[in-house]
């Protein structure tokens, strides 16, 4: 079979429920006639909607000018015939040309607007991606890596594989994997430009090869399907409001027989001695705080259900506890300081928490740090690891 | 830090990356050749870019439009030559294809107008006019949306060479 037969073609559909016409894939016709059914569907959609029609092109990998003009013509004509109707073209920042190309339409008709759906995306990302959090993310990975390097081979990691690290953040996990297991290729994808810039800087400075950092949206990836032996996605399903969308994409890009590996937390199970009660209260509140921002940091033990519902088989699940006894206790304490700064700082303020709550909230983090640094103390941060195999 | 090479005239040296030559008859025998060639060449040259997936998508998008322009040539004999070379953040496409003298004049005029101050406005308004995109609009789009610079160079026989420099690495998200 020619590799070109694997190229995705295009699909157009209309969802009456959300008044959304979407077109995806590669649209490169020679003549407009080839688009007949899709253009008819758009006309039909315009005829049926009231108020606003969403034109979703965020999974549109390619569209030549012949097709662009054909679809645009219909939209422009509709604007003129029906001034009551508004069009919202939904693009993705990941597909670089779409916002520019469709942005032209807004110049012509005031009833057409173009929105990059992912420009203010991922509720947790804004809190975590700024530069100050980078050292903490690195410390976190250093602490979890001690465990994961032992765990990963049980979940499909081996030398020579082709792997993807989705939601790679600042990229240090990919670097550690590259050094330890020597996969033949790693594609590391994230939606944070600042994190990717940092990752690329590290790659250049340390002359690391074999990792391709790519800007992308985990729930709508441009990566071809069925190309990876192992797809990892760490600590990310829990900070996305619709984790099943990401899992669907992880499944799509995973080879049949390959595995998907995820890690997530159950924050209310963070623990410490002494001062256990205060610590427990605070981490219960952490879970509620994240839930307020549509994130589920209790997702860890739910991983099995998510993987089964995604269609995976041979589910393997295990837990490990990052503790103050792993290496330097100060590392553990530094992580908690950063959590406290963000959770009891920016996030609590944004939720509108009062000073009394914030003081008690902070105290739990302080007590966790106390437990971590106490010569007889014990502090823990539990992580759930799960993987499943895509059926052959 | 990358080293920068300059030739004797002080111009940066573009290192060759890949070249595909086809009989123009073969090329125009199937429309899908535009898609195949643009995707294949984009895959080949994007591997070592900082973001290969994004680079592939952008390069293929721009290159496909150029190939579709060449596909519509009115000259039936000769060769299509697609050459891609690189200097730093810029990829250079050199597309040579046979064309009739009137077409050549058209391209020379169109390319000279791409850099003009009205080019952007003409491009932005282009959708409201034509039923189908003109070849001029395709060239304008490369300049406006992809920050490309274009020129026409001498080619042997009844042929034209379009040279398009694409600074995709520096293109903002």
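So if I take the alpha carbon set of chain B, get Rg, then get Rh from the Kirkwood formula, what is the Rg over Rh ratio?
Radius of gyration relative to Kirkwood radius: 0.95.
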Dividing the convex hull volume of the alpha carbon atoms of region A:204-331 by its residue count, what do you get in Å³ per residue?
158
Could you work out how far helix A:329-341 tilts from the main Cα principal axis of chain A, as a 0 to 90 degree angle to the nearest 10?
50
Efficiency of FRET from Cβ geometry, residue A:150 and residue B:47, R₀ 35 Å, rounded to 0.05:
0.60
Per residue of A:207-216, other chain Cβ atoms within 10 Å number on average 3
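At a threshold of 8 angstrom on Cα-Cα distance, excluding pairs fewer than six apart, so keeping six or more, what relative contact order does chain B reach in percent?
Relative contact order, chain B: 23 percent.
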For n ≥ 4 DSSP H runs only, could you compute -39500 (n - 2.57) per run for the protein assembly as shown, divide by its residues and tell me the 222 nm figure to the nearest 500?
-13000 deg cm²/dmol
Taking chain A as the reference, fit the longest principal axis to its C-alpha atoms, fit the long axis of helix A:172-181 to the helix C-alpha atoms, and give the angle between the two in degrees, 0 to 90, nearest 10.
80
Between residue B:23 and residue A:325, what FRET efficiency comes out of the Förster formula 1/(1 + (r/R0)^6) with R0 = 56 Å and r the beta carbon distance, rounded to 0.05?
0.20
Below 8 Å, C-alpha to C-alpha, sequence gap of six or more: please give me the relative contact order for region A:248-309 in percent.
34
At q = 0.16, 0.18, 0.27 Å⁻¹, work out log10 I(q)/I(0) for region A:333-392 with the Debye formula, treating every Cα as an identical point scatterer and leaving solvent out; two decimals please.
-0.61, -0.70, -1.08
Taking every residue in B:48-58, how many Cβ atoms of other protein chains lie within 10 Å of its Cβ, on average?
6
Take the Cα coordinates of region A:255-392, assign each an equal point scatterer, and use the Debye formula without solvent to give log10 I(q)/I(0) at q = 0.17, 0.18, 0.22 Å⁻¹.
-0.90, -0.97, -1.21
0 to 90° range, to nearest 10: angle between helix A:276-292 axis and chain A longest Cα axis
0
Cα-based Rg then Dmax for region A:264-328, in Å, read 14.4, 43
Peptide B:31-41: average number of partner chain Cβ atoms within 10 Å per residue?
3
Highest average packing first - B:151-159, A:83-91, Cβ atoms within 10 Å
A:83-91, B:151-159
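Sort A:269-275, B:70-76, A:362-368 by packing, meaning the average of other beta carbons within 10 Å per residue, with the highest value first. If you can, show how the numbers build up before the last one.
On the way: A:269-275: 19.7, B:70-76: 15.4, A:362-368: 22.6.
Going by the mean number of other Cβ atoms within 10 Å, highest first, we get A:362-368, A:269-275, B:70-76.
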Counting every Cα pair in region A:17-78, what percent are over 16 Å apart?
42
Length-normalised contact order of region A:244-383, Cα under 8 Å, at least 6 apart, in percent, tallies to 38
If each Cα of the protein assembly as shown is one equal point scatterer, what is log10 of I(q)/I(0) from the Debye formula at q = 0.09, 0.12, 0.13 Å⁻¹?
-0.78, -1.20, -1.32
Region A:192-258: translational diffusion in µm²/s, Stokes-Einstein, Kirkwood Rh over Cα pairs, 10 °C, 1.306 mPa s
119
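Taken together, the values in this text are just the output of simple stated rules run on the coordinates, not laboratory data. Because the structure is predicted, anything quoted here is derived from the model rather than measured. Positions of Cβ are backbone-derived with ideal geometry, glycine not excepted, and every protein chain shown enters the neighbour counts.
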